[in-house]
Amino acid sequence: MSNYNNISKAYLYAEKEPTAAQMEGFVKFLSGKYEREISVQWVKSREFPGGFRLEVGNDVYDWSKEGKFEQLREKLSYLAKHSDDVIPLMKETVHSWTPSAIAREVGTVLTVGDGIATVEGLENATYGEILIFTDGIRGMVMELRRDEVGCILFSEESPILEGSSVYRTGKTAGIPVGDNFVGRVINPLGEPIDERGPIEAKEYYSIEHPAPGIIARQSVNRPLETGILAIDSMFPIGRGQRELIIGDRQTGKTAIALDTITNQKGKDVICIYVAIGQKASSIAQMVNNLRNKGAMDYTIIVNASASDAAPIQYIAPYAGCSLAEYFMNNGQDVLIIYDDLSKHAIAYRSLSLLLDRSPGREAYPGDVFYLHSRLLERAAQLSDEYGGGSITALPIVETQAGDVSAYIPTNIISITDGQIFLESGLFFEGQRPAVNVGLSVSRVGGDAQTKAMKKATGTLRLDLAQFREMEVFTQFSSDLDDSTKNQLLYGKGLMRVLRQKQYSPYSGAEEVILLVCALGRLFIPIPEKEINKVSEEILNYFKKNRPDLSDRINGSDTLSDELRKEIIDTASEYLAKRK
């Protein structure tokens, strides 16, 4: 609460001096409001024609034309957001509305620069509250001190000067949400940036929101298929999971995320892609690719580009998560991608240093772990009593020279339910996606796989680990026995089968067929360079000649020995004809 114990006088700014009766009314109103005797002093001012302005400490009662109009505008804005039949209500409000004696707490700008403003006089301001500066520029309270508050600015700061007024809104920073945002490109404030006109919102969600509690959650047990064989077979992702994608620059992290979005077509999953600190040209190209694949029909892009200020980049993932929560709370499944949280941490570090917070390791503030934990904990699989919706989070983190032990990567690894590590060496060898089998893990594991996929995967990870180990030892030897040669050919065949072009996701049945063929050692006689071509030919052969097998795989609770034999026999039949 504001400390008004030292305030005994209010100032009334008006063109004409009030009458004795009016002055008595002001004194009575203020004394009742602040529970102490407060005198009123008139100050002649021509700034408020047809009205007045009453100041009590930091509280302002603006009864000028502009002040009354601002109250009416806020009332109409509220009706527009919370009413279905807006026009009649607005007309009735305009005709019958009378202004209220509402105090607005006003502060003064002390310093401004680099997207940061320090303000004094807002004793009741709360963390995350929106403040209004000169020319309607909005900011958010981010630092609370004894005599001042630190605020981040969401717009160009040049109109704001030292000594200018700042108004509290009493509203927490948030974003408009609704079904109409699907298919659009917006900024973290919820404003469209795709030149397709305004978006009609349904509700308003705070960007910071507590994560669902334990009671509201249930275990992750439904797969969210990426369509990428290497991931779905060995590091499955479940709906409600948080799986980190980590690797050096230019190793295919974003490609995995976009493939996962593309693979959700027709699966009733809303996708949200949050771009942080990327080039506008890259985002434009990505939107075109998704639109060409038909993926924009169920996707929302939240873009805080490299040219945007650090405060916009800071709020971007929270705004995207609030959008995701709107759909989750309506019982829908959501996939959200944060690309990437390394740049998000850097933006937060910049803001923290500008706010004079104490730097810690790598100059990050002490609460940098909480920065991402409170974001990623909002991903969940809700229980049926809470609607059964889910948010699956795929955060992306960039490493330097493959160092997963750096500060931000280790923080996020400890928060998430597993990680997919992409290795530069594999990428440049042509193994794409360049998934390192040894360092990657999914802590949900087989719970997020269909039974058919779980059985088809079999000993894949173990076989690949043995192959990598054998490959290292045999590179120094030229004389190998037949068994070792076959084992090497088998391992190379597995690695080749796991190669996959971007925007070419496999269906669940296709992944099972390829795994059964590869683990059945059918690719050993085939030259290594032809394996990917042969894989496509086998899938086309199944599609043309045995479509029933795909239906049986999809509809089966498990992969029976009989079904496995039919797959191997059909593939062998094609390979025999191919010769």
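If you take the Cα atoms of segment 456-578, find Rg, then find the Kirkwood Rh from the mean of 1/r over all pairs, what is Rg/Rh?
Rounded to two decimals, Rg/Rh equals 0.99.
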Mean separation of Cα contacts under 8 Å (6+ apart) over length of segment 463-579, as relative contact order %: 26 percent
Order of Ser305, Ser442 - criterion: other Cβ atoms within 10 Å of each residue's Cβ, fewest first: Ser305, Ser442
Helix 341-354: angle to the longest alpha-carbon principal axis of the chain, degrees 0 to 90, nearest 10? 30 degrees
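Give me the extension gain from Asn289 to Arg146: residue separation times 0.36 nm, minus the current Cα-Cα distance, reported in nm with one decimal.
That works out to 46.4 nm of additional length.
Can you tell me, using C-alpha contacts under 8 Å and at least 6 residues apart, the relative contact order of the chain as a whole percent?
Once divided by the residue count of the chain, the mean separation gives 12 percent.
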Low-density loop positions, trypsin sites (Lys or Arg not before Pro), segment 123-168 - DSSP coil, at most 10 other Cβ in 10 Å: Arg146
What length, rounded to one decimal in nm, is gained on full extension from Thr484 through to Glu15, with 0.36 nm per residue of separation minus their alpha-carbon distance? 159.0 nm
At a 10 Å Cβ-Cβ cut-off, how would you order Arg357, Arg242, fewest neighbours first? Arg357, Arg242
Just how large is the dipole of segment 215-445 about the Cα centre, in debye to the nearest 20, putting +1 at every Lys and Arg Cβ and -1 at every Asp and Glu Cβ? 200 debye
With +1 assigned to the C-beta of every Lys and Arg and -1 to the C-beta of every Asp and Glu, and no other charges, what is the dipole magnitude of the chain about the Cα centre in debye, to the nearest 20? 960 debye
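So which chymotrypsin sites (Phe, Trp or Tyr not before Pro) in segment 473-504 are both in a DSSP loop and have at most 12 other Cβ atoms within 10 Å of their Cβ?
In loop regions of segment 473-504 (DSSP not H, G, I, E or B), the sparsely surrounded chymotrypsin sites (Phe, Trp or Tyr not before Pro) are Phe476.
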What is the ratio of the Cα radius of gyration of segment 9-63 to 2.2 N^0.38 Å, with N the residue count, to two decimals? 1.05
Using 22 Å as the Cα-Cα cut-off, could you pick out the over-long pairs in Lys253/Lys501; Lys267/Lys293; Lys267/Lys533? Lys267/Lys533
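Which value in Å is the Kirkwood Rh of the chain over different Cα pairs?
Result for the chain, one decimal place: 27.4 Å.
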Ranked by Cβ crowding within 10 angstrom, fewest neighbours first, how are His344, His372 ordered? His372, His344
Report the calculated FRET efficiency for Asp447 and Ser373 (r = Cβ-Cβ distance, R0 = 25 Å), to the nearest 0.05. 0.65
Report the FRET efficiency, 1/(1 + (r/R0)^6), for Leu355 and Glu35, where r is their Cβ-Cβ distance and R0 is 41 Å, rounded to 0.05. 0.70
Using 7 Å Cα-to-Cβ label points, what is the Glu120/Thr459 separation (nm, one decimal)? 7.6 nm
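Where a number appears in this text, it was derived from the coordinates with a stated rule and is not lab data. Since we're looking at a predicted model, the values are computed, not measured. Using ideal geometry, Cβ is built from the backbone for each residue, glycine included, and neighbour counts are taken over all protein chains shown.
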